[in-house]
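Visitor: One structure coming up, written as structure tokens, with questions to follow.
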Amino acid sequence: MSEPSHTLSFPQLARTIAARESETLFQSARRGGVRIVGACGGRGSCGTCVVRVVEGEVEHQGEKRGEERGAAGGDRKWLRACRMSARSDCTVEVAPRSLAPVVRAEAEVAGAAETLAVDTLISARDIAVDKPSLNDPASDLERLRRALGATTGTIDIAAARQLPGLLRAGDWSLRARLRGDELIGVAPAGSPSLGLAVDLGTTNVAAFLVDLDSGARLASLGIENPQAAWGADVISRINHAARHPEGGEELRAAACSAIAALAHDLCHAVGAGTGDIVDLAVCGNTAMHHLLLGLPVSQLGRAPFVAALREGLDLKARELGLSFCPGCRVHVAPNVGGFVGGDHVTALLATEERWRAGGTSLVMDIGTNTEITLIHDGEFLSASCPSGPALEGGHISCGMRAAEGAIERVSLVDGRIAVAVIGGQEPVGLCGSGVLDAMATLHRAGILDHRGRIAGEHADVLETAGKRVAVLAPGVHFTQDDVRAVQLAKAAIRAGVEMLLDAAGLQENDIERFIIAGAFGAYIDVASGIATGLFPDLPTVRFEQVGNAAGLGIRQMLASERARSRAAELAGRCRYVELSTIAGFQKCFIKHLGFPSARHIQ
């Protein structure tokens, strides 16, 4: 007997999808490609996936309730999609935070050059080939080799399949695309040779289209990582891949679909086709790296957090299901160890001019998985901090991505909370750049005590459902659970910094350059970071916010073989430090949960 199936209509999206009775509305939406925010991946622990069932009947946590069904227009509540299953055709309203379009998926490195130095194995030649005759019946490949004036070592089989048709369609003229002495593709004469660099982040995926003849960056684009439907953090995704037979393939396919979609849109923007992409370079943390390649990840989720492989890897793009130039290869950046992955290696590569002069530098890429490297006297100490998605707005009750309607700044004006909103619209949630501001402002207003407890009497504090919340804007509340989530994230990062300094025999004041990388890090207010205890109490002039350094580093690796070699060298020089094995880490972590008692900001 087949399982009952119903339809879910989403009028805001003009979409209708199928829903099975055995799955939740959240699972149905994920399967049908409808985005509903769910930081915990649908496990019921975050409460961010709220929807309103406008019409239809649902079952809520195994018990039918009248408030979820009946005639349209009734008193319908916002309820968690991961706790409801359809029992009839339903019309569903999605919360505004799930609908807002991303406006900050990636940020540039400050002062980054738009043209890269090209040093690549890729080459292309426009040639004319002699027509065959009864007196010269050589094969198409032999004729092509003669025209090239050199012996082509190998030919990609998919390129060989293209060759006869393109030769004849182009009146025996074409562009030969080569990697070294391998013929990887053929195309009409004059076709561009494009490269695609991808920063596969846990939260966002940023892609950059580069002209490999000139080194010019032609276009860039960022989107939310579709793997977020299985959880905002890497552990949720690792658990899904490990516990469900199809889980790893679902996550691999999601990552590849993001790359394919970005490639399509970027090529379309410059009047090219995805077949003109002849080389691809990708970086990501260790979990993203493994999930993209379909490698086992269960061993990453438990101590000692061992990667299947750490070296840089080259494979054909079609092995990932990507339809680019027939012989297009993918170069995946090397990892360091644990969760310190290729994205941090590329960030080190891109910021080398900033830390190479000597002294003591710290490079931090803040995100769902925060990676840190302390550079001192030629030694590189690297660690990964399980900061989770709170600092980027995940696992926050009012959290959302950096989209229109998101509160991006929180301040105190005449003793009352004031906010700045992306797009100047009515606020619907709080994004990552506003999270630290909110914490710092609430503490300064006396709403949060030094331990992070909502304790003060204030006009912007109200009690709802027996709990006190801080009101950032109408309908946007910062709860005690939100405060705790941010405290855990910032304490993990700060403890990581302190442990690396201890390992090197240094103090916080020895840090001469504190380099903050990452698209999210570009929008952090450093003063709020110091005030909350996320960053050490250093003069603000020592901090440098460089934006998406991983994006620049992977572009450099796309365009240059020397950059790929240098990245491999940097990965090899980094000594991975597993923080959980260090005596005193837990004590240090607890010490940094509260607000610092004193600080100076210069």
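The values are calculated or read from the model by the stated rules, or taken from the named source; none is laboratory data. Fair warning: this is a prediction, and the values are worked out from it, not measured in the lab. Every residue, glycine among them, receives a Cβ derived from its backbone with ideal geometry; neighbour counts consider all protein chains shown. In case anyone asks, the SASA skips ligands and DNA or RNA and just uses the protein heavy atoms, side chains included. Shrake-Rupley method; radii C 1.70, N 1.55, O 1.52, S 1.80 Å.
Visitor: Return the pairs, sorted by first residue and then second, in which the second residue is assigned to a strand (DSSP E or B), the first residue lies in region 120-136 and is farther than 29 Å from residue 561 by Cβ, the beta carbons are less than 6 Å apart, and the residues are 6+ apart or on different chains.
Guide: These pairs meet every condition: 128/173.
Visitor: Within region 562-579, identify whether any single residue is among the β-branched types (Val, Ile, Thr) and more than 24 Å from the chain's Cα centre (by Cα), and answer yes or no. Steps first, please.
Guide: Applying the first criterion (among the β-branched types (Val, Ile, Thr)) to region 562-579 yields 577.
Filter again for more than 24 Å from the chain's Cα centre (by Cα), leaving none.
Checking region 562-579: not a single residue is among the β-branched types (Val, Ile, Thr) and more than 24 Å from the chain's Cα centre (by Cα).
Visitor: Additional query: Quick one: which residue in 292, 280 is in a strand (DSSP E or B), open to solvent by less than 20 Å² (accessible area, probe 1.4 Å) and among the aliphatic types (A, V, I, L, M)? Steps first, please.
Guide: Working: 292 fails: in a strand (DSSP E or B).
Step by step, each of 292, 280 is checked, and only 280 is in a strand (DSSP E or B), open to solvent by less than 20 Å² (accessible area, probe 1.4 Å) and among the aliphatic types (A, V, I, L, M).
Visitor: Every residue in region 39-57 that is polar (S, T, N, Q), touching a residue at least 60 places away in the same chain (Cβ under 8 Å) and surrounded by fewer than 16 Cβ atoms within 10 Å (Cβ to Cβ), please. Talk me through it step by step, then tell me what you get.
Guide: Start the filter on region 39-57 by keeping residues that are polar (S, T, N, Q), which leaves 45, 48.
Keeping just the survivors that are touching a residue at least 60 places away in the same chain (Cβ under 8 Å) gives 48.
Matches in region 39-57: none.
Visitor: Being open to solvent by 40 Å² or more (accessible area, probe 1.4 Å), farther than 14 Å from residue 328 by Cβ and in a loop (DSSP other than H, G, I, E, B) is the filter here; which residues of region 186-231 pass it?
Guide: Correct list: 188, 189, 190, 203, 213, 214.
Visitor: Could I ask something else about it? Among the numbered conditions (1) farther than 30 Å from residue 502 by Cβ; (2) among the hydrophobic types (A, V, I, L, M, F, W, C); (3) touching a Ser or Thr at 6+ places or on another chain (Cβ under 8 Å), tell me where residue 375 comes up short.
Guide: For residue 375, the exception is condition (1).
Visitor: Here's something else I'd like to know. Do we have any residue at all in region 555-576 that's under 20 Å from residue 343 (Cβ atoms), of a type in the set (S, T, N, Q) and part of a loop (DSSP other than H, G, I, E, B)?
Guide: For region 555-576, residues under 20 Å from residue 343 (Cβ atoms), of a type in the set (S, T, N, Q) and part of a loop (DSSP other than H, G, I, E, B): absent.
Visitor: If you don't mind, another one. Mind checking which residues of region 480-522 are more than 19 Å from residue 579 (Cβ to Cβ) and at pLDDT 95 or above?
Guide: 509, 510, 512, 513, 515, 516
Visitor: Select from region 365-402 the residues that are surrounded by fewer than 24 Cβ atoms within 10 Å (Cβ to Cβ) and either assigned to a strand (DSSP E or B) or at pLDDT 95 or above (or both) and list them in ascending order.
Guide: Correct list: 372, 376, 379, 380, 381.
Visitor: If I go through region 490-532 residue by residue, how many of them are part of a loop (DSSP other than H, G, I, E, B) and more than 25 Å from the chain's Cα centre (by Cα)?
Guide: Start the filter on region 490-532 by keeping residues that are part of a loop (DSSP other than H, G, I, E, B), which leaves 505-507, 511-512, 518-520, 524-525.
Filter once more, so that each one left must be more than 25 Å from the chain's Cα centre (by Cα): 505-507, 511-512.
Summing the residues that are part of a loop (DSSP other than H, G, I, E, B) and more than 25 Å from the chain's Cα centre (by Cα) in region 490-532 gives 5.
Visitor: Another one. Evaluate region 348-357: report whether one residue or more is under 18 Å from residue 235 (Cα atoms) and of a type outside the set (Gly, Ala, Ser). Break it down into steps so the answer makes sense when it comes.
Guide: Residues of region 348-357 under 18 Å from residue 235 (Cα atoms): none.
Checked against the condition, which is being under 18 Å from residue 235 (Cα atoms) and of a type outside the set (Gly, Ala, Ser), region 348-357 yields no hits at all.
Visitor: In this structure, does residue 470 turn out to be small (Gly, Ala, Ser), in contact (Cβ under 8 Å) with a residue 24 or more places away in the chain, more than 30 Å from residue 377 (Cα to Cα) and assigned to a helix (DSSP H, G or I)? Let's see the steps before the verdict.
Guide: On the way: small (Gly, Ala, Ser): yes; in contact (Cβ under 8 Å) with a residue 24 or more places away in the chain: yes; more than 30 Å from residue 377 (Cα to Cα): yes; assigned to a helix (DSSP H, G or I): no.
For residue 470, the condition - small (Gly, Ala, Ser), in contact (Cβ under 8 Å) with a residue 24 or more places away in the chain, more than 30 Å from residue 377 (Cα to Cα) and assigned to a helix (DSSP H, G or I) - is not met.
Visitor: Next question, about the same structure. Applying the selection to region 450-465, what residues are in a loop (DSSP other than H, G, I, E, B) and touching a residue at least 24 places away in the same chain (Cβ under 8 Å)?
Guide: First pass over region 450-465, keeping only residues in a loop (DSSP other than H, G, I, E, B): 450-453, 455-460, 465.
Hits for region 450-465 are 450, 451, 452, 453, 459, 460.
Visitor: From the list 555, 542, pick out the single residue that is buried (at least 24 other Cβ atoms within 10 Å of the Cβ) and among the basic types (Lys, Arg). So that I can check it myself, show each step before the final result.
Guide: On the way: 542 fails: buried (at least 24 other Cβ atoms within 10 Å of the Cβ).
Residue meeting the stated conditions: 555.
Visitor: Which residue pairs have Cβ atoms closer than 6 Å, lie 6 or more positions apart in sequence or on different chains, and pair a first residue in region 192-218 that is on the phi > 0 side of the Ramachandran plot with a second residue that is assigned to a loop (DSSP other than H, G, I, E, B) and at pLDDT below 95?
Guide: Within 6 Å, the pairs are 215/116; 215/118.
Visitor: When residues of region 558-599 are filtered for being open to solvent by 20 Å² or more (accessible area, probe 1.4 Å), closer than 30 Å to residue 121 by Cα and either in contact with an Asp or Glu (Cβ under 9 Å, 6 or more places away or on another chain) or of a type in the set (Val, Ile, Thr) (or both), how many remain?
Guide: 5
Visitor: Within region 327-338, is there a residue that is assigned to a helix (DSSP H, G or I) and either of a type outside the set (Gly, Ala, Ser) or touching a helix residue (DSSP H, G or I) at 6+ places or on another chain (Cβ under 9 Å) (or both)? Even if it seems obvious, please write down each step before you answer.
Guide: Filtering region 327-338 for residues assigned to a helix (DSSP H, G or I) gives none.
Within region 327-338, none of the residues are assigned to a helix (DSSP H, G or I) and either of a type outside the set (Gly, Ala, Ser) or touching a helix residue (DSSP H, G or I) at 6+ places or on another chain (Cβ under 9 Å) (or both).
Visitor: Starting from residues that are under 16 Å from residue 325 (Cβ atoms), open to solvent by 20 Å² or more (accessible area, probe 1.4 Å) and among the charged types (D, E, K, R), keep the ones in region 166-180 and report whichever is nearest to the chain's Cα centre (by Cα).
Guide: Once the filter is applied, the top-ranked residue is 179.
Visitor: State which residue is modelled with the highest pLDDT when the search covers only region 80-107 and only residues that are acidic (Asp, Glu) and farther than 21 Å from residue 40 by Cα. I'd like the intermediate steps shown before the answer.
Guide: Initially, region 80-107 is screened for residues acidic (Asp, Glu), giving 89, 93, 106.
Cutting the leftovers down to farther than 21 Å from residue 40 by Cα gives us 89, 106.
Working: 89: 94, 106: 54.
Step by step, filter region 80-107, then rank; the result is 89.
Visitor: So, of the residues in region 232-269 that are at pLDDT below 95 and among the β-branched types (Val, Ile, Thr), which turns out to be most open to solvent (accessible area, probe 1.4 Å)?
Guide: 235
Visitor: Let me ask you something else. When you scan region 326-358, how many residues do you find that are open to solvent by 10 Å² or more (accessible area, probe 1.4 Å) and either of a type in the set (Val, Ile, Thr) or within 30 Å of residue 166 (Cα to Cα) (or both)?
Guide: Here the count works out to 3.
Visitor: Something else: Which count do you get for residues in region 424-455 that are surrounded by fewer than 16 Cβ atoms within 10 Å (Cβ to Cβ), of a type in the set (Gly, Ala, Ser) and in contact with an Asp or Glu (Cβ under 8 Å, 6 or more places away or on another chain)?
Guide: Within region 424-455, the first condition is being surrounded by fewer than 16 Cβ atoms within 10 Å (Cβ to Cβ), and the residues that meet it are 424-426, 444, 446, 449-451, 453, 455.
Applying the additional criterion that residues be of a type in the set (Gly, Ala, Ser) yields 424, 446, 455.
Then drop every residue that is not in contact with an Asp or Glu (Cβ under 8 Å, 6 or more places away or on another chain), which leaves 455.
Here the count works out to 1.
Visitor: Check off (1) part of a loop (DSSP other than H, G, I, E, B); (2) modelled with pLDDT under 90 for residue 423 and give me the number that stays unchecked.
Guide: Failed condition: (1).
Visitor: Here's another thing I want to ask about it. Would you check if residue 272 is part of a loop (DSSP other than H, G, I, E, B), out of contact with any Leu (no Cβ under 9 Å at 6 or more places or on another chain) and open to solvent by less than 40 Å² (accessible area, probe 1.4 Å)? Before you say what the answer is, go through the steps one by one.
Guide: Working: part of a loop (DSSP other than H, G, I, E, B): yes; out of contact with any Leu (no Cβ under 9 Å at 6 or more places or on another chain): no; open to solvent by less than 40 Å² (accessible area, probe 1.4 Å): yes.
Criteria not met by residue 272.
Visitor: In region 1-38, which residues are of a type in the set (S, T, N, Q) and either open to solvent by 50 Å² or more (accessible area, probe 1.4 Å) or part of a helix (DSSP H, G or I) (or both)? Show your work before the answer.
Guide: Taking region 1-38 first, the residues of a type in the set (S, T, N, Q) are 2, 5, 7, 9, 12, 16, 22, 24, 27-28.
Those that are of a type in the set (S, T, N, Q) and either open to solvent by 50 Å² or more (accessible area, probe 1.4 Å) or part of a helix (DSSP H, G or I) (or both): 2, 5, 7, 12, 16, 22, 27, 28.
Visitor: While we're on this one: Go through region 124-165 and report how many residues are hydroxyl-bearing (Ser, Thr, Tyr) and loosely packed, with under 13 Cβ neighbours inside 10 Å.
Guide: Let us first name the residues in region 124-165 that are hydroxyl-bearing (Ser, Thr, Tyr), namely 133, 139, 151-152, 154.
Filter again for loosely packed, with under 13 Cβ neighbours inside 10 Å, leaving 133, 139, 151.
Going through region 124-165 one residue at a time, the tally reaches 3.
Visitor: Can you tell me how many residues within region 550-592 are polar (S, T, N, Q) and closer than 30 Å to residue 195 by Cα? Write out each step before concluding.
Guide: In the first step, residues of region 550-592 are kept if they are polar (S, T, N, Q); the result is 556, 560, 565, 580-581, 586.
Pick out the ones that are also closer than 30 Å to residue 195 by Cα and you get 556, 560, 565.
The qualifying residues number 3.
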